[in-house]
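> Dropping the structure in here first, questions after.
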Amino acid sequence: MENGQDENVQLMRLVLDENPNPVLCLSSDGKLLYANKGSWLLLDYWGAKVGDSVPQDLKSIIRRVVESKRELELEVSIGVKTLLLHIVGLNGERRFVNLYGMDVTRRKHVEEKLRLNAQVIDNTTEGIMITDTEFRIIEINRAFTSITGYSREDVLGEQVMSFHTGPQETGFYEGIWNIVRVRGSWRGEVWDRKKSGEVYPKWLSVSAVADERGEINRFVGIFSDITPMKKSDEQLYYLAHYDSLTGLANRRQFHDLLDRAVKTARRKTEGMAVMFIDVDSFKGVNDNFGHRAGDCLLQEVGRRIQRCVRETDVVARLGGDEFTVVLANIQDPGNVERIAEKLLEQIAKPVTIDQDEVRVTSSIGISVLAEDTADADSLLQNADMAMYRAKAMGKNTYQVF
């Protein structure tokens, strides 16, 4: 019987000795009574061997374990390694404690990576939402709330489709998520609605996330409010296509619209004409009243021209005191000259600027699209020549090319 017990003891000691994790026995006053092979890193760190005392801070923990009869845990970082130490008192025994160690380096790295990922996700400026395979929202970040106005309590556990209420056609978002199921990702510009009811544009990227078996178990949507970008694009477009002083189409926009109008008129065999309007003696306004008064006058002339034509007609300022008008879909050619007469009359009316009454006239050249008109540029050149002829005839009149 004793031989069998001895063998069991030897076997147990062998198991303990060969355990790759630290196993130690210490006296209640902190002396090392036993340490297995797996304890070498701890012993080296403490600069101790069996029979020596452990560092003072560990002695204090051992006393607490003995006095409280409770287990305590302690993390020790040694170089790149992290060990989790369990210090356990023996039942009914106040003279000894056991210490069991576990290498948790990998777990700590994973935890740190998860913590870092969580920090990145929560501090990114893009809204992020995570859903399960049934598209129920299981997580969002702070940017999601700041962009949409929806809190965690509003959305967690809810179907993601419930919060896609933009002006897109029915089934639009369902189509996106179905594409993600098949292809694994989708990205593009969409319009959505905030909790406040405000409709806004956003850039949305949706990706499927697979587990270690390659099966989709999550979907991640990342989006940003691109309203500022849209406004910037609109401002750039406006500056590129419209006159900053009058708000009318500029030279570039005018040429595009004129070319389009000529092509439409030829395709539909409709009548159309171009007017070239030049303000007479405009330099005198600048010289006598100042450039601010000149700008105010040009703005008023632009408004008067617009009031004389249809909303569908194009009015542009090419620069300086030169304006142009595209009259499309002309049914009666006589209407063109009647409009010219109305323009002469309206532009000649006095304009009050800073209590000063300013009067100017205009010269108008008209070119009507004909079968032999080569292109839009020719039409404009003809109107320009007709305008100079009107000036040569004494101004405040119009001429037809």
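> Among the listed residues E71, E75, E67, E18, identify the single one that is under 30 Å from N141 (Cβ atoms) and of a type in the set (D, E).
E75
> OK, next. Can you name every residue in the range 24-47 that is small (G, A, S), open to solvent by less than 30 Å² (accessible area, probe 1.4 Å) and not in a strand (DSSP E or B)? Even if it seems obvious, please write down each step before you answer.
Taking the range 24-47 as the starting set, the residues that turn out to be small (G, A, S) are 27-28, 30, 35, 38-39, 47.
Adding the requirement that they be open to solvent by less than 30 Å² (accessible area, probe 1.4 Å) leaves 27, 30, 35, 38-39.
Answer for the range 24-47, where residues must be small (G, A, S), open to solvent by less than 30 Å² (accessible area, probe 1.4 Å) and not in a strand (DSSP E or B): G30, G38, S39.
> Could you check how many residues of the range 290-323 are touching a helix residue (DSSP H, G or I) at 6+ places or on another chain (Cβ under 8 Å), assigned to a helix (DSSP H, G or I) and open to solvent by 30 Å² or more (accessible area, probe 1.4 Å)?
1
Condition check ((1) in contact (Cβ under 8 Å) with a residue 40 or more places away in the chain; (2) open to solvent by less than 70 Å² (accessible area, probe 1.4 Å); (3) under 30 Å from N21 (Cα atoms)) across all residues:
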{"site": "F96", "(1), (2), (3)": "yes, yes, yes"}
{"site": "V104", "(1), (2), (3)": "no, yes, yes"}
{"site": "A118", "(1), (2), (3)": "no, yes, no"}
{"site": "N123", "(1), (2), (3)": "no, no, no"}
{"site": "I128", "(1), (2), (3)": "yes, yes, no"}
{"site": "D132", "(1), (2), (3)": "yes, yes, no"}
{"site": "R136", "(1), (2), (3)": "no, no, no"}
{"site": "S146", "(1), (2), (3)": "no, no, no"}
{"site": "V155", "(1), (2), (3)": "no, yes, no"}
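> Hey, among V190, V182, which residue is free of Cβ contacts under 8 Å to residues at least 40 places away in the same chain and either polar (S, T, N, Q) or in a helix (DSSP H, G or I) (or both)?
On the way: V190 fails: either polar (S, T, N, Q) or in a helix (DSSP H, G or I) (or both).
So the residue among V190, V182 that is free of Cβ contacts under 8 Å to residues at least 40 places away in the same chain and either polar (S, T, N, Q) or in a helix (DSSP H, G or I) (or both) is V182.
> Which pairs turn up if I take residues in the range 288-312 that are touching a residue at least 40 places away in the same chain (Cβ under 8 Å) and look for partners that are among the aromatic types (F, W, Y) with beta carbon separation below 6 Å, at least 6 apart in sequence or on another chain?
Qualifying pairs under 6 Å: I305/F323.
> Pairs under 6 Å by beta carbon, first residue over 23 Å from T246 (Cβ atoms) in the range 324-338, partner assigned to a loop (DSSP other than H, G, I, E, B), six or more apart or different chains?
From the range 324-338, the pairs are N329/E270.
> Right, something else. When you go through (1) without any contact (Cβ under 8 Å) to a residue 24 or more places away in the chain; (2) exposed (fewer than 12 other Cβ atoms within 10 Å of the Cβ); (3) of a type in the set (V, I, T) one by one for V80, which number turns out not to apply?
V80 satisfies every listed condition except (1).
> Open to solvent by less than 40 Å² (accessible area, probe 1.4 Å), within 23 Å of R251 (Cα to Cα) and at pLDDT 90 or above: is that true of V368 in this structure? Spell out how you get there, then give the answer.
Numbers: open to solvent by less than 40 Å² (accessible area, probe 1.4 Å): no; within 23 Å of R251 (Cα to Cα): yes; at pLDDT 90 or above: yes.
Against the criterion (open to solvent by less than 40 Å² (accessible area, probe 1.4 Å), within 23 Å of R251 (Cα to Cα) and at pLDDT 90 or above), V368 does not qualify.
> Could you grab me the full set of residues in the range 58-67 that are farther than 25 Å from E18 by Cβ and either open to solvent by 80 Å² or more (accessible area, probe 1.4 Å) or in contact (Cβ under 8 Å) with a residue 12 or more places away in the chain (or both)? Before you say what the answer is, go through the steps one by one.
Step one: filter the range 58-67 for residues farther than 25 Å from E18 by Cβ, giving 59-67.
Those that are farther than 25 Å from E18 by Cβ and either open to solvent by 80 Å² or more (accessible area, probe 1.4 Å) or in contact (Cβ under 8 Å) with a residue 12 or more places away in the chain (or both): K59, I61, I62, R63, R64, V65, V66, E67.
> Within the range 235-251, is even one residue among the basic types (K, R), open to solvent by 30 Å² or more (accessible area, probe 1.4 Å), out of contact with any Cys (no Cβ under 9 Å at 6 or more places or on another chain) and free of Cβ contacts under 8 Å to residues at least 24 places away in the same chain?
So in the range 235-251, the residues among the basic types (K, R) come out as 251.
Next cut, open to solvent by 30 Å² or more (accessible area, probe 1.4 Å) only: 251.
Remaining after also requiring out of contact with any Cys (no Cβ under 9 Å at 6 or more places or on another chain): 251.
Applying the additional criterion that residues be free of Cβ contacts under 8 Å to residues at least 24 places away in the same chain yields none.
No, that holds for no residue.
The values are calculated or read from the model by the stated rules, or taken from the named source; none is laboratory data. Owing to the predicted nature of the structure, the values given are computational and were not obtained by experimental measurement. Neighbour counts are summed over all protein chains in view; Cβ atoms, including those assigned to glycine, are modelled from backbone coordinates with ideal geometry. Just so you know, the surface numbers come from the protein's heavy atoms only, side chains and all, with ligands and any DNA or RNA stripped out. Shrake-Rupley method; radii C 1.70, N 1.55, O 1.52, S 1.80 Å.
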